[in-house]
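Data block below; observations after.
The values are calculated or read from the model by the stated rules, or taken from the named source; none is laboratory data. In this text, all values refer to a predicted model and were calculated from it rather than measured experimentally. We place every Cβ from the backbone using ideal geometry, glycine too, and count neighbours over all the protein chains shown. With ligands, DNA and RNA removed, areas are computed over all heavy atoms of the protein, side chains included. Shrake-Rupley method; radii C 1.70, N 1.55, O 1.52, S 1.80 Å.
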Amino acid sequence: MKLPLRFNGPVLIFGGGDADGEAVSEAISLTKFVVAADGGADIALAHGQVPSAVFGDMDSLSSSARHASP
C-alpha cells in the first residue's frame, strides 16, 4: 500500500461495532471506495466489501479479515 492514500470520490469508513444492514447497503451504493479501522474490516467483509486499506493497531482484526485485506 502506497501512502498517502488518495481517492477521487466518496469514501466509506467501517469501524467496529454494530452496523445496520439497510444503512450500510445505502452507504455502499453512494461510494466507490471502502476503508476500515481494525475490526471494521470484518464488518466490511460481512457486507461483501473488501477494504482498500485497513488502519489501526489490528488488535480486533480477525485472522480471516487480515488475510482478505491488503
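Kindly report the accessible area of the chain per residue (heavy atoms of protein chains, probe 1.4 Å, no ligands, DNA or RNA), in Å².
For the chain, the solvent-accessible area averages 64 Å² per residue.
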Exercise. Calculate what fraction, in whole %, of the accessible area of the chain sits on carbon and sulfur atoms when a 1.4 Å probe is rolled over the protein chains.
Key: 54
Practice problem: Pick out which of L30, L12, L45 has the largest mean-square fluctuation in a Gaussian network model of the chain, springs linking Cα atoms closer than 10 Å. | Solution: L30
Exercise. Could I have the simple spin-label model distance between A23 and L3, label points 7 Å from Cα toward Cβ, reported in nm to one decimal?
Key: 3.0
Self-check item: Diffusion constant of the chain at 10 °C, which comes from Stokes-Einstein with the Kirkwood Cα-pair radius and 1.306 mPa s, µm²/s
Solution: 131
Quiz prompt | Positive-end residue of H67, A23, N8, charge dipole of the chain with Cβ unit charges | solution = N8
